[in-house]
Amino acid sequence: MTEINRGASAKIIDGKSFAAGLRARIGAEAAKLKAEHGLVAGLAVVLVGEDPASQVYVRNKSKAIAEAGMQAFDRPLPAQTSEADLLALVGELNADPNVHGILVQLPLPEHISAHVVIDAIDPVKDVDGFHFINTGKLWAAGGTLVPCTPQGCMMLLRDVLGDLKGKEALVIGRSNIVGKPMAALLLAENCTVTMAHSRTNDLPAVARRADILIAATGRPEMVRGDWIKPGATVIDVGINRIPALSDHHPRKMRLVGDVAFEEAVKVAGAITPVPGSVGPMTIACLLRNTLIAACRQIGLGHPAV
Ligand code: NDP
């Protein structure tokens, strides 16, 4: 059950419950892999520097991996690590048979090129799905390791809408991490896809055509209620920290998405809340990719997740 009906307003897409179910299925498949093939799927998590938000993300990912009965290899590195040293570590992890997935937490310090590092990861271990080979396969052929956040959004969309064929889908944001792979996945589902970005003319008018609206801009509450087609399905990828405006705690912050939720919930047919929907799906899909990568590396087919 992934939707909670709120009377006259939109259905709330409960990604948290969906992700919990997915994680349970991944845990069961990981246990089967261990019992039948003696293999514990392993994920190396590389963090360069001490960015507090990245530290939280990395901790959550490693914890989730352990909870699914897989192994996390945490590799924290100081902020001043050179690109050459990071590439040497990636090479070491590529060669390590206990490591089936490699995640290099982004953003990297400015003196290190993310493109160069991502390109050095063995594509079969690229559980983020950011390597050029995996990006190309996603657009051209499918059947690859798909970036976790768009994969999680797709699972929620399929659960809510079933067949997406012929639907007008709008993706706001064109990053390599979210917007572009999201568009590729929607296209593969036979949606008519529009990609919008900061130079799009009259974005509210473009948005009003969308049966499916994906917001991934990093602009707090940018998508207003009157941009949304009545009954549309809205997936809010954004995670933004803004002041909570509390008299008692003047420095308190709260999390909001890229969609003005209280307005949008009155117009949309279904909507993801922030936090607690796309975020949990991202982590679940990372576990899924780690399991898929491990299975492929020993010549097994796709696990049942
Ligand atoms: P990026 O900053 O890489 O990309 C943002 C995109 O939004 C760009 O393509 C940019 O356009 C576009 N954009 C910015 N302002 C506007 C505007 N006013 N109108 C239209 N388009 C605009 O961000 P990411 O894709 O990495 O992340 C997007 C959001 O998703 C962030 O809030 C991030 O925190 C969140 N996120 C959440 C995840 C989760 O698990 N829930 C995972 C990953 C990200 P242009 O290209 O023209 O500059």
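The values are calculated or read from the model by the stated rules, or taken from the named source; none is laboratory data. Since the structure is predicted, the reported quantities are computational estimates derived from the model, not experimental observations. Glycine also receives a Cβ, built like all others from the backbone with ideal geometry; neighbour counts cover every protein chain displayed. Keep in mind that these areas ignore ligands, DNA and RNA; they rest on the heavy atoms of the full protein, side chains included. Shrake-Rupley method; radii C 1.70, N 1.55, O 1.52, S 1.80 Å.
Summary of values
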{"read-out": "Subset of region 109-126 (residues that are touching a His at 6+ places or on another chain (Cβ under 8 Å) and open to solvent by less than 20 Å² (accessible area, probe 1.4 Å))", "value": "ILE121, LYS125"}
{"read-out": "Residues being among the charged types (D, E, K, R), assigned to a strand (DSSP E or B) and more than 9 Å from the ligand (Cβ to nearest atom) - total across region 198-246", "value": "1"}
{"read-out": "Of all residues making up region 133-167, the number that are within 16 Å of the ligand (Cβ to nearest atom), in a helix (DSSP H, G or I) and over 21 Å from PRO273 (Cα atoms)", "value": "2"}
{"read-out": "Single residue of region 74-88 satisfying the filter (of a type outside the set (Gly, Ala, Ser) and surrounded by fewer than 13 Cβ atoms within 10 Å (Cβ to Cβ)) that is farthest from ALA24 (Cα to Cα)", "value": "GLN80"}
{"read-out": "Among (1) away from the ligand (no atom under 15 Å from the Cβ); (2) over 27 Å from ARG208 (Cα atoms) - the single one GLY129 does not satisfy", "value": "(1)"}
{"read-out": "Filter result for GLN71 (in contact with a helix residue (DSSP H, G or I) (Cβ under 8 Å, 6 or more places away or on another chain), open to solvent by 80 Å² or more (accessible area, probe 1.4 Å) and not acidic (Asp, Glu))", "value": "yes"}
{"read-out": "Region 147-167: number of residues that are open to solvent by 10 Å² or more (accessible area, probe 1.4 Å) and free of Cβ contacts under 8 Å to residues at least 40 places away in the same chain", "value": "5"}
{"read-out": "Top-ranked residue in region 266-279 [being more than 10 Å from the ligand (Cβ to nearest atom) and crowded, with 21+ Cβ neighbours inside 10 Å; ranked as farthest from CYS148 (Cα to Cα)]", "value": "ALA268"}
{"read-out": "Extreme residue, farthest from the chain's Cα centre (by Cα), among residues of region 168-177 that are within 13 Å of the ligand (Cβ to nearest atom) and open to solvent by 20 Å² or more (accessible area, probe 1.4 Å)", "value": "ARG174"}
{"read-out": "Hey, ILE26 touching a strand residue (DSSP E or B) at 6+ places or on another chain (Cβ under 9 Å) and either polar (S, T, N, Q) or not assigned by TED's automatic domain parsing to the domain that holds HIS100 (or both) or not", "value": "no"}
{"read-out": "Set GLY91, GLY27: member being open to solvent by less than 40 Å² (accessible area, probe 1.4 Å) and either without any contact (Cβ under 8 Å) to a residue 40 or more places away in the chain or in a strand (DSSP E or B) (or both)", "value": "GLY91"}
